[in-house]
1. Is it the case that S183 is surrounded by fewer than 13 Cβ atoms within 10 Å (Cβ to Cβ), polar (S, T, N, Q) and touching a Pro at 6+ places or on another chain (Cβ under 8 Å)?
2. State yes or no: is I156 of a type in the set (A, V, I, L, M), at pLDDT 95 or above and touching a Leu at 6+ places or on another chain (Cβ under 8 Å)?
3. When the range 201-242 is examined, which residues are found to be among the hydrophobic types (A, V, I, L, M, F, W, C) and surrounded by 14 or more Cβ atoms within 10 Å (Cβ to Cβ)?
4. Quick check on this structure: which one of T323, T306 is under 30 Å from I375 (Cβ atoms), among the polar types (S, T, N, Q) and part of a strand (DSSP E or B)?
5. Scan S252, S239, S298 and give me the residue that is within 30 Å of N353 (Cβ to Cβ) and at pLDDT below 95.
6. I'd like the full set of residues that are modelled with pLDDT of 95 or more, within 20 Å of L106 (Cβ to Cβ), among the aliphatic types (A, V, I, L, M) and in a loop (DSSP other than H, G, I, E, B), limited to the range 401-452.
7. Can you run down the residue pairs with Cβ atoms below 6 Å, 6 or more apart or on separate chains, where the first is in the range 115-126 and closer than 14 Å to Q143 by Cβ and the partner is of a type in the set (S, T, Y)?
8. Which number in (1) touching a residue at least 40 places away in the same chain (Cβ under 8 Å); (2) on the phi > 0 side of the Ramachandran plot marks the one condition that G328 misses?
Amino acid sequence: MVVSLLLLGGCSHRNFIKAGQKFYATEHFELAVAQFEQALTEKPDDQETINQLQQAKSALIAWANQLEVKADNAVVAGHNGKAMLLYSKVLTITHSEYASKKYRELYNELSLKSSVSAQWLPNKLGLNANVFSDIDGLNLIGQSAIKLNLKKSNPIFEIQQSSLAKTEQYISGSQMISNPEFSEIQHQIRSHQNEQHLVREHLSDSRHQVSHQQDRVVQLQNQQQSLQQNQLRTELSASNKQSLSTQLNQISSRLDAARQAVDNSRRHRKQYQRQLSHNRHELSRLIDQLSYTPAIVSAPIYSDYTYQIQQQKNLLSAQLFLTISDRGTNNTRAANVMVSSEDQSHPGHPILNLGPNPMQVKSQPQLIPLFNQEIKLISQRMLTEFVDEHRHRYILLASRSDNSDQQLEWWVAHGLVTKQGAVDGIAAKIRQRLALEYGVGGEFDINSLLHL
């Protein structure tokens, strides 16, 4: 086992080395470093692995240093979103303080600019800006061109009542009936009796067969002895001796087959004997069981009992309106708000041993706290949807732009709105654009680079 483990370890080490060398040859330095590090865990003291790892790390750091210069050039060109991603990648490789500072400056500027900044107007619902402070991508500030106003219609309290007829069964009496268990035991007894008769017939047949086959064995043995005696005669010709030898071989084969048939028949006879003994035991048990099982028993009589159930549902509902004002343009969104409380009731019914069930539903004043909580949740949902629309608007702007650098800026803005980053398709486009422009020395995991 030790040898096997050593062989597996050596094979794994070679695979990591080959993968690292392949990545290094194609200038995927970061992936090469990861493979060589895995190889080093398999053989920590292997100098060749250490040398290749150092070579890959040096190439990766050189690539990152060039990337830092290109990030500075991107800032000069006004491509801050691209520069932020490049500084972020440099930071993950070299831990450069300069890259860290530049990334943080650009991130704070661009994330604030990309997210929704809005002014929350006072409302009569008791919801202030603090209630929505944890919505990702939404910044509520004192003054803004975008203003958010929340209103609701007058609540409507509704009572819905109905009745339901329910039927249950109860025991209204009893009657004497044939015992099903008694009938079942009788059926089993008849079945075992029939089986016993059939097994006896098989057993009788097997006994006759054994006797017949034993007679056949004796007959063949006599023939074999007769042929053997004839072989001892001295006056026989060679052809006669050959004929007797052939006949003797045939008789021997038949004798072996006959003896095998006797053994098989005896085995079948023993099986039938065991089966017959088991059947007798079961039949005796069933007869004993039948002797103390009553033939007639008392059975309950079930009757239907129908009673009325009263149902009530109290509802409190209203419409919620979120108005988004942006430089003179108003966009109002509506959502339904509803909470309810329902229950059933019925008096006691002694026949069913059913106790009374009083009605317990919340009144309008009792529903108001639930109603206010629902308003808060729906308001948060509406604002989250507004942020999502704002976030995807950057994708639309990018699709309308013919400038590849501007497209990248819109995509980065899209990814900076919320902590979840860019959607998969946009992240893949950003990664492809950066790899084409700056090479594949390091891997661009876009959403990790956006929000370090």
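The values are calculated or read from the model by the stated rules, or taken from the named source; none is laboratory data. Just so we're clear, the structure is a prediction, and the values are computed from it rather than from any experiment. Here Cβ is always computed from backbone atoms with ideal geometry, including for glycine, and neighbour counts include all displayed protein chains.
1. Here the answer is no, as S183 does not meet what is asked.
2. yes
3. L203, V210, V217, L220, L227, L236
4. Residue meeting the stated conditions: T323.
5. Working: S252 fails: within 30 Å of N353 (Cβ to Cβ); S239 fails: within 30 Å of N353 (Cβ to Cβ).
Among S252, S239, S298, only S298 is within 30 Å of N353 (Cβ to Cβ) and at pLDDT below 95.
6. Result: V417, A422.
7. S117/S144; A118/S144; Q119/S144
8. Here G328 clears every test but (1).
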